[in-house]
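J.: Sending over a structure as structure tokens; questions will come in a sec.
Values in this text are rule-based calculations from the coordinates and carry no lab data. Since the model is a prediction, treat every value here as computed from it, not as a measurement. Because the Cβ atoms are built from the backbone with ideal geometry, glycine has one as well, and the counts that use them run over all protein chains shown.
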Amino acid sequence: MSTASNIAQTRLEDLINAIGSRQVSPGAGAAGAVTLALAAACTAKAVADRDAEAFAAFIKEHTSRAITQVIREGDRNGRLIAVLSEVIEQVAPHIESNMSGDLLAARALTQAAHKIQAANSSEARDEKALLHAKS
């Protein structure tokens, strides 16, 4: 591996070999960053799957119990977004100036996620109120 800038395009086997070699190459920092990215991807999938399952159940059943589960998942997602925002702010002072664009993108994406989640939660709570009014 010639530079750290091509880690994302490196085959996993090559990255593992480079990290494990005695040559000058990305090391523990790269391993930690890749591991963090993998953990974030797995977490995002799990969160998205739970939310999608709750919404699919509501569409199928259209019951108060199902919309309550949608609201619970939305609230949980909202808490996860808040935690991510806190982590970004804790990391921010340690970011090199050449990575400020990445930090800006992380903040903007987190803010967008918060706005989407807030709108979805509001809609779900309105739907729950309508279901209660009908019963």
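J.: Rounded to whole Å and sorted largest first, list the principal axis extents of the Cα atoms in the range 68-135.
T.: Extents along the principal axes: 57, 15, 11 Å.
J.: What is the spin-label model distance, in nm, from residue 104 to residue 91 if the labels are put 7 Å beyond Cα along the C-beta direction?
T.: It works out to 1.8 nm between the two label points.
J.: Enumerate the calculated ³J(HN,Hα) couplings along the range 99-112 in order (Karplus 6.51 cos²θ - 1.76 cosθ + 1.60, θ = phi - 60°), each rounded to whole Hz, writing x wherever the residue is Gly or Pro.
T.: 10, 4, x, 5, 5, 4, 5, 4, 5, 5, 5, 5, 5, 5
J.: Then there's this: With springs only between Cα atoms under 10 Å, which of 35, 63, 43 fluctuates most in a Gaussian network model of the chain?
T.: Looking only at 35, 63, 43, the biggest GNM fluctuation is shown by 35.
J.: Sticking with this one: May I ask you to evaluate 6.51 cos²θ - 1.76 cosθ + 1.60, the Karplus curve with θ = phi - 60°, for each residue of the range 72-84 and list the ³J(HN,Hα) values in order in whole Hz, giving x for glycine and proline?
T.: Rounded to whole hertz, the list is 4, 5, x, 5, 5, 4, x, 5, 5, 5, 5, 5, 4.
J.: Using Cα positions and a limit of under 14 Å, work out the aspartates and glutamates in reach of residue 45, with same-chain residues fewer than 8 apart set aside.
T.: Counting by Cα, and skipping residues close in sequence, residue 45 has these aspartates and glutamates nearby: 53, 73.
J.: Per residue of the range 9-21, in order, report the coupling 6.51 cos²θ - 1.76 cosθ + 1.60 (Karplus, θ = phi - 60°) as ³J(HN,Hα) in whole Hz, putting x for Gly and Pro.
T.: With the stated coefficients, the range 9-21 comes to 9, 7, 4, 4, 4, 5, 5, 4, 5, 5, 5, x, 7 Hz.
J.: Also, quick follow-up: Suppose the chain between residue 17 and residue 46 were pulled fully straight at 0.36 nm per residue; how much longer would it get relative to their current alpha carbon spacing? Numbers along the way, then the final one.
T.: Working: separation 29, 0.36 × 29 = 10.44 nm, distance 2.97 nm.
The residue 17-residue 46 span can extend by a further 7.5 nm.
J.: Identify which of the listed values of P(r) over Cα pairs in 10 Å bins from 0, in percent was calculated from the structure shown: (i) 13, 49, 35, 4, 0; (ii) 10, 32, 37, 18, 3, 0; (iii) 10, 30, 25, 18, 11, 4, 1, 0.
T.: From the options (i) 13, 49, 35, 4, 0; (ii) 10, 32, 37, 18, 3, 0; (iii) 10, 30, 25, 18, 11, 4, 1, 0, the structure gives (iii).
J.: Which of 67, 133, 78 sits farthest toward the positive end of the charge dipole of the range 43-134, with +1 on the Cβ of Lys and Arg and -1 on the Cβ of Asp and Glu?
T.: The Cα lying farthest towards the positive end belongs to 133.
J.: Another question, then. Are there trypsin sites (Lys or Arg not before Pro) in the range 22-55 that DSSP marks as loop and that have at most 15 other Cβ atoms within 10 Å, and which are they?
T.: The qualifying sites are 22.
J.: Set the Förster radius R0 to 25 Å, insert the Cβ-Cβ distance between residue 56 and residue 79 as r into 1/(1 + (r/R0)^6), and round the FRET efficiency to 0.05.
T.: 0.70
J.: Taking the chain as the reference, fit the longest principal axis to its C-alpha atoms, fit the long axis of helix 28-61 to the helix C-alpha atoms, and give the angle between the two in degrees, 0 to 90, nearest 10.
T.: 20 degrees
J.: Now for a separate question. Using a 7 Å offset from the Cα along the Cα-to-Cβ direction at both residue 113 and residue 8, what is the distance between the two label points in nm, to one decimal?
T.: It works out to 1.7 nm between the two label points.
J.: What whole-number distance in Å separates the alpha-carbon centres of the range 90-120 and the range 42-64?
T.: Answer, in whole Å: 25.
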